[in-house]
Structures are given as C-alpha cells and as structure tokens.
Amino acid sequence: MGLTFVTEPVSVSTPATSANLGPGFDALGLALTLYDDLTARVTGDSYTVTVFGEGEGELPTGPDHLVVRAMLATFDEAGERPPGVAVECVNRIPQARGMGSSSAAIVGGVQLARGLIKGGLELIDDAAALRIAARLEGHPDNVAPCLLGGFTVAWTEPDGARAVTLAPAAGVRPTVFIPSEVGYTASARAALPPEVPHHDASFNAGRAALLTHALTTDPSLLFPATEDRLHQDYRAPGMPGSASLVAALRAAGVAAVVSGAGPTVLALTQVPADFAPGAHWHSEVLGVDDAGARVKGGMVEHAERGPVAAGRTS
C-alpha cells in the first residue's frame, strides 16, 4: 500500500547551531535562536525551490538544493516520492560561517518530508530522522541540536548516528561574532592532521567531559571547559582573524571558541561591554533554542520527543 501525501502546505523552522564548542570535536553541539523558515507543498511534476534572504540568487533552485536532496532521501526511506514539491526558504542563518546552515537545510528537508507524508512523524521517528540527516551531513554534531534543540551529545554506531539532548543551565547566553568572509568545512577539515599526540587527546577528553558539566550545571567552569587542543590551533592559519578574536576574548576572560568549522566565533560567557571585535565582525547575542526543528501544518504537529539514544533525555 502506497503512502498518502497531504495537500496542505507544511512548514518548519530550523535553528542555527554551533558545533564542537571547543573540545567536543564532532560530538557536542548547541542550538541557537536564529532560524531559517521553510515551507513545502506537494505539486504535480517537479521539485522547485525559491530562496529569500541568505543565499538568495546563489543557491540551487531545483533538485540539487540541499533541502530537496534531504527530502528525497527521506521519501526514499519511507518508500515513495511524491510527483513534485514546491519549497520556499526564508534564510537567516549565514551561509558557510560555521553556524550550521547546511545542517539546517538538511534537517529542514527531512522534517518537511516527514510532514508531507500522512503519519510521517510516526513512520520515520526522530531516531530515524537523525540517522538520515547525519548520513547526508557526514557527521552528527550539527544536525543533532538542529533536530532536537538544546545542548546535544552525538555519536555514531554501526547503524548510524545517535544523540541525547541536555538542558543548558540558566544563564548560558551565547554571543556570536560573524565575519564578512566565508569559510568551508572541507578546507577546515583538510587542515587537521591524521594523528594527534596522546596527551592532547587525553586533554580534550577531560575538557569535553567538564564542558558537559559546565553547560548543564555550573557555567562558572565554562572558561577552562572550552579549552581545545584537537582542531582550533591546526585551523588557525586558515582563519587568522577568528584565531585572533578567540585569543582576545579569552584574554578578557571570556569562554570563546571557533564555532564549528568557523570562521564565526562563539562566546559562552558574558562579553565585556567595552570589548571591540573590530570593523569586520558583526556580533549578536542569542538564546539557546530548546525546541529544535518543529513541523507545523498539513495534518500533523510535531510529536513530543522521546530519547533518540539509550537512556533518557534530561
């Protein structure tokens, strides 16, 4: 028996994210209160995308668009594609800045596809949605907080990605410093060595564990908890402005890190009022999104989330 697709438009808001958070390379992520708004409806014969805002006039407008690619992968997981879909994207997350724009597109596509299938949120549950999104993105650190909201710890098992979501402590108020230039994950990853010293790996394991405690229980420990030896120093030559800003913020006592693959810089503790990042940086104080990418419209509303990994969410 085939799938039934809804005729009403379906929409989803996908939050920006910051991954790594210093020591939690490819594992830790945080959802932020900056959103792309996506809407889709089933049509007769083609897949089209209209983009407003970030990426307008630059991103693909057909099946090559990342939102559509994620929708098609999700439809295929469910077993059937509709004849066509019209997608509208209102993008606010900066493109190629280390704030999860690609993950927002992927998660948005997965969620739109789930919403366009009658009963799709049950047919493809959050655990399956995370696996699809992580498979498309290549790693789960950004897609997990985008899908689930809050502070997430993600990992990959033989059958795919898994994650737990944790509630950040009250008072965690991220500030992002967004530069005018772009950065690309592929080039940032190319800067990383194939091996690192054992003492650096041990250092990061301890700091990542401490960061989980600091973010959820004791923000006074965020400064030491955000120290990193696995990726930021190796990437610094490719983004000297970001490295300099992180150093300046940390010299001022701020728990600052490169956001994801950069070049955006993330501060997790209060930035002094008189701190001046420079003319090439735009700063924004954001909250932590605790909802993730919610589906609205059609014949569904987003179901209450259960854990997507063994154990319980908290």
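The values are calculated or read from the model by the stated rules, or taken from the named source; none is laboratory data. Keep in mind the model is a prediction, meaning the values are calculated, not measured. Every residue, glycine as well, gets a Cβ built from its backbone with ideal geometry; the counts of neighbours run over all protein chains shown. SASA here: full protein model, heavy atoms, side chains in, ligands and nucleic acids out. Shrake-Rupley method; radii C 1.70, N 1.55, O 1.52, S 1.80 Å.
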All-but-one check, Glu58 against (1) over 24 Å from Val265 (Cα atoms); (2) crowded, with 20+ Cβ neighbours inside 10 Å; (3) out of contact with any helix residue (DSSP H, G or I) (no Cβ under 7 Å at 6 or more places or on another chain), failing number (2)
Restricting attention to the range 249-269, the residues that are loosely packed, with under 14 Cβ neighbours inside 10 Å and touching a residue at least 60 places away in the same chain (Cβ under 8 Å) number exactly 0
The one condition Ser202 fails out of (1) more than 30 Å from Arg294 (Cα to Cα); (2) in a strand (DSSP E or B); (3) among the hydroxyl-bearing types (Ser, Thr, Tyr) is (2)
Could you tell me whether any residue of the range 129-137 is surrounded by fewer than 20 Cβ atoms within 10 Å (Cβ to Cβ), on the phi > 0 side of the Ramachandran plot and out of contact with any Lys or Arg (no Cβ under 8 Å at 6 or more places or on another chain)?
no
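Just name the residue that is modelled with the lowest pLDDT out of those in the range 6-17 that are over 15 Å from Gly109 (Cα atoms) and open to solvent by 40 Å² or more (accessible area, probe 1.4 Å). First the steps, then the outcome.
Of the residues in the range 6-17, the ones over 15 Å from Gly109 (Cα atoms) are 6-8, 17.
Filter once more, keeping what is open to solvent by 40 Å² or more (accessible area, probe 1.4 Å): 7-8.
On the way: Thr7: 92, Glu8: 95.
So the residue we want is Thr7.
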Is there a residue being open to solvent by 40 Å² or more (accessible area, probe 1.4 Å) and over 25 Å from Gly55 (Cβ atoms) anywhere in the range 32-42?
no
Does the range 26-36 include one or more residues that are closer than 29 Å to Thr165 by Cα and modelled with pLDDT under 95?
yes
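Within the range 112-127, which residues are among the basic types (Lys, Arg) and either surrounded by 24 or more Cβ atoms within 10 Å (Cβ to Cβ) or within 11 Å of Glu80 (Cβ to Cβ) (or both)?
Arg114 - this is the single residue of the range 112-127 that is among the basic types (Lys, Arg) and either surrounded by 24 or more Cβ atoms within 10 Å (Cβ to Cβ) or within 11 Å of Glu80 (Cβ to Cβ) (or both).
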Hits in the range 270-295 (condition: surrounded by fewer than 21 Cβ atoms within 10 Å (Cβ to Cβ), of a type outside the set (A, V, I, L, M, F, W, C) and on the phi < 0 side of the Ramachandran plot)
Gln270, Pro272, Asp274, Pro277, His280, His282, Ser283, Glu284, Gly287, Asp290, Arg294
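For the range 230-286, give me every one of the strands (runs of 3 or more DSSP E) that falls completely inside it and has 3 or more residues that are out of contact with any Gly (no Cβ under 6 Å at 6 or more places or on another chain). Even if it seems obvious, please write down each step before you answer.
On the way: elements: 256-258, 265-267, 281-285.
Strands (runs of 3 or more DSSP E) meeting the threshold: 265-267, 281-285.
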Reported set for the range 89-116 where residues are in contact with a helix residue (DSSP H, G or I) (Cβ under 6 Å, 6 or more places away or on another chain) and within 14 Å of Gly53 (Cα to Cα) is Ile93, Gln95, Ala105
How many of the residues making up the range 145-176 are farther than 22 Å from Leu222 by Cβ and without any contact (Cβ under 8 Å) to a residue 40 or more places away in the chain?
6
Hey, among the residues in the range 149-168 that are open to solvent by 10 Å² or more (accessible area, probe 1.4 Å) and under 23 Å from Thr264 (Cα atoms), which one's modelled with the highest pLDDT?
Val153
Answer residue from the range 193-229, given it is surrounded by 16 or more Cβ atoms within 10 Å (Cβ to Cβ) and among the small types (Gly, Ala, Ser) and is farthest from Pro23 (Cα to Cα) among those
Ala214
Any residue at all in the range 178-188 that's out of contact with any Gly (no Cβ under 8 Å at 6 or more places or on another chain), at pLDDT 90 or above and open to solvent by less than 60 Å² (accessible area, probe 1.4 Å)?
yes
Take the range 69-86 and flag every residue that is in a strand (DSSP E or B) and farther than 25 Å from Ala127 by Cβ.
Gly84, Ala86
